[in-house]
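Beneath this line is the structure, given in structure tokens, with notes to follow.
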2 protein chains.
Amino acid sequence: MSSMTKLLYYPEALLSQRVHACLVEAGAEDTDAEATTRALLHASRIGVDSHGVRLVGHYVRLLRSGGVNSLPVPVFTRTGPATGQLNADGGLAHSAAYRAMDEAVSLARDAGIGAVGVHHSSHFGAAGAYVVEAARQGMIGLIMSNSDAAVSLFGGARPFHGTNPIAMAAPTSGSDPWLMDIATSSIPFNRVKLYRSLGLSLPSGVAASDDGRPTRDAQSAAFLQPLGGEEFGFKGAALAGLVTILAGVLTGAALDPVMVGTDEEQSDRKRQNVGHFAIAIDPARFIGQAAYDLAMGSYLDLLRNGPSVNSHNPVMAPGDREWQEARKRAETGIPVDPDTQRILGLI
Amino acid sequence: MSSMTKLLYYPEALLSQRVHACLVEAGAEDTDAEATTRALLHASRIGVDSHGVRLVGHYVRLLRSGGVNSLPVPVFTRTGPATGQLNADGGLAHSAAYRAMDEAVSLARDAGIGAVGVHHSSHFGAAGAYVVEAARQGMIGLIMSNSDAAVSLFGGARPFHGTNPIAMAAPTSGSDPWLMDIATSSIPFNRVKLYRSLGLSLPSGVAASDDGRPTRDAQSAAFLQPLGGEEFGFKGAALAGLVTILAGVLTGAALDPVMVGTDEEQSDRKRQNVGHFAIAIDPARFIGQAAYDLAMGSYLDLLRNGPSVNSHNPVMAPGDREWQEARKRAETGIPVDPDTQRILGLI
């Protein structure tokens with residue numbers, strides 16, 4: 001990829017400061033800008049550049065167009081001993097998602113488990129950013145979000161569900177959390193765009209042309225297919241549905257197939273009403289804290305010490321590769337593309 | 001399949017009575033036999049014959065060998081306003097799983113969400129059986145179970161996780177619930193055995209030979225690969241891990257890679273210590289009951305009325321095919337193979 005050669009590396013602290021300043025300049029309130037910056041840096045730090053600082057331009061445009069509310073008045077309502085609803089008032093989603101996870105943790109501290117639904121939110125970026133916060137507080141965190149239609153149903157001829165990510169983090173004693181963060185499609189649509197620009201064929205079973213027929217041709221790929229591909233895509237579609245029901249139907253958010261798209265949102269100020277669903281679980285209320293730490297340690301030892309098919313690629317737990325990358329980037333800095341360098345005033 | 005020709009059809013009520021009698025004769029207590037019968041008939045009714053009445057012989061052998069405790073003293077401990085732990089004392093899992101789901105529903109009635117961990121349980125069959133009960137009580141139900149090693153990690157050369165199913169049911173107003181019930185492998189191992197007997201090739205990316213290399217040869221397939229196959233199996237492996245962490249690590253159950261296998265269990269009375277994790281969520285505490293019913297109805301209308309690639313196969317919601325089959329079998333009866341006919345004293 002020729003653009004790779006133009007990447008420059010910057011320390012996290014500098015990027016953090018510049019991203020924050022950009023968002024505030026675009027009209028975001030200080031606390032919202034802080035949350036968005038934190039979420040983007042989480043992704044950049046662990047190597048998920050698609051959801052990292054690269055997105056700052058996108059959020060700046062949304063703030064400027066009104067596609068995202070720059071002065072939201074979010075309202076959290078506790079609806080039960082273990083539940084709550086958060087109306088994000090159309091603001092930046094990162095702030096709402098951190099808040100929902102925090103409230104879920106606080107509910108779980110009292111009740112053993114806590115769940116918070118979020119509605120009238122927007123695209124929350126990397127789901128993993130929020131669950132890591134729960135894990136840092138000793139809780140198992142789960143979060144999911146619906147999104148605008150991009151993925152067909154199993155056998156469906158139109159995009160229906162969003163890419164609907166599910167993330168979970170589980171705390172480990174004295175080490176980085178187990179961290180899963182997956183979309184319920186096999187690939188994101190920007191992977192299709194990347195393959196187009198590289199002139200490569202797509203893997204089979206990941207995308208479909210306009211009429212819904214599977215295609216490996218990146219040029220004619222019009223939308224995505226659910227995880228599991230041509231034979232087992234009913235599983236990915238069911239998982240996407242699980243996310244839509246919990247994050248969308250249950251919270252009062254827009255349903256994926258009729259949700260305003262992100263492009264539309266930018267041109268005429270319509271807001272998306274994205275929904276999220278956050279759960280926190282306190283290990284102390286199940287097996288107990290000490291036994292949980294021990295069992296989690298055993299589980300990860302068994303996993304990491306198992307034999308791999310290719311001895312050069314040891315078996316890893318979800319998150320291992322990402323935390324490894326974070327340690328590397330703490331030394332090298334974080335790579336930033338030229339467009340984003342300009343937006344951040346770095347060149 | 002030649003054995004198909006020997007299937008005979010029996011009414012549900014007759015099978016129910018015979019399965020119950022068989023289990024009681026093998027030493028099960030009345031209430032446990034009832035729960036196991038109910039779970040097996042759920043699977044048989046909706047067409048999931050692999051987890052249906054066919055399993056009665058398996059449970060009879062387990063009860064006779066002591067692999068399952070025929071006189072368990074389960075202990076439920078409420079550990080918080082929204083949480084509890086159930087020690088199933090090595091008994092039949094169906095009874096424990098129904099109990100866990102019921103307790104979760106009752107916790108959710110108070111707290112908005114409820115979660116129950118189960119340990120010292122056994123193989124619980126079709127996960128969908130339990131979540132349907134939550135949906136009948138107006139709750140969204142989720143359940144998952146770990147199990148003994150059968151599925152490799154992504155790039156792993158040995159079976160590590162169990163097939164680790166995840167089921168969710170969401171109530172709908174005046175109609176059957178949305179019902180997802182999926183393993184986190186692409187196929188179950190008995191599909192490999194079926195393909196062996198039929199001399200067919202397996203789909204790609206679903207199974208591996210002894211050394212962990214992917215194979216489509218059913219004869220040499222030694223274990224399963226996670227959902228997502230050779231390129232995206234890291235997602236299926238992460239989902240299997242989510243199940244092991246919640247149903248196994250968190251509850252105090254045995255970890256999949258070191259769990260006693262079901263064969264072993266039958267020969268020398270070792271018990272598995274399988275774990276389950278059940279969650280119930282009350283829609284009334286989120287968007288509210290009336291709005292939930294409306295949104296769920298809209299979601300399913302949008303889903304079912306969307307265009308399909310093949311006009312002979314309309315797009316379906318998870319569970320639609322199964323409820324359709326249940327309506328058919330209410331007329332035709334439930335097919336039973338000759339071995340099971342003998343066990344049930346039907347021939």
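Every number here is computed from the coordinates shown, using simple stated rules; none is lab data. Keep in mind the model is a prediction, meaning the values are calculated, not measured. Please note: Cβ atoms are built from the backbone with ideal geometry, for glycine as well, and neighbour counts cover all protein chains shown.
Just a few scattered comments:
- Cα centroid of region A:267-311 to Cα centroid of region B:273-347, whole Å: 28
- Per residue of B:210-223, other chain Cβ atoms within 10 Å of the residue Cβ number 1 on average.
- Here the alpha carbons of the protein assembly as shown define both size measures, Rg and Dmax, at 24.7, 84 Å.
- The fewest-to-most ranking of A:105, A:118, A:192 by surrounding Cβ atoms within 10 Å reads A:192, A:105, A:118.
- Alpha-carbon centroids, region B:103-178 and region B:187-263: separation in whole Å: 19
- Annotation: the residues A:147, A:209, sorted from fewest to most other C-beta atoms within 10 Å of their own C-beta, follow the order A:209, A:147.
- Efficiency of FRET from Cβ geometry, residue A:219 and residue B:50, R₀ 41 Å, rounded to 0.05: 0.45
- In a reduced charge model with +1 at each Lys and Arg Cβ and -1 at each Asp and Glu Cβ, chain A shows a dipole moment near 360 debye about its Cα centre.
- The relative contact order of chain B, computed from alpha carbon pairs under 8 Å that lie at least 6 residues apart in sequence, is 22 percent.
- Pairs from the list A:235/B:235; B:6/B:193; A:6/A:328; B:235/B:270; A:235/A:270 with a Cα-Cα gap above 22 Å: B:235/B:270; A:235/A:270.
- Taking the number of Cβ atoms within 10 Å of each Cβ as an exposure proxy, the fewest-first ranking of A:168, B:296, A:316 is A:316, B:296, A:168.
- In chain B, the ratio of gyration radius to Kirkwood radius, Rg to Rh, stands at 0.96 when only Cα atoms are counted.
- Peptide A:241-254 is shielded by partner chain Cβ atoms: per residue, an average of 6 of them sit within 10 Å of its Cβ.
- Across region A:187-196, rounded Karplus estimates of 3J(HN,Hα) from the backbone phi angles (6.51 cos²θ - 1.76 cosθ + 1.60, θ = phi - 60°) give 9, x, 5, 5, 5, 4, 4, 4, 5, 4 Hz, Gly and Pro being marked x.
- Close amide H pairs (under 5 Å, H built 1.01 Å from N) link residue B:8 with B:336, residues at least 5 positions away or on another chain.
- Residue among A:44, A:16, A:298 with the largest mean-square fluctuation in a Gaussian network model of chain A, springs linking Cα atoms under 10 Å: A:298
- Each Lys and Arg adds +1 at its Cβ and each Asp and Glu adds -1 at its Cβ; summed about the Cα centre, the protein assembly as shown shows a dipole of about 680 debye.
- The alpha carbon radius of gyration of region B:151-247, expressed as a multiple of 2.2 N^0.38 Å, is 1.19.
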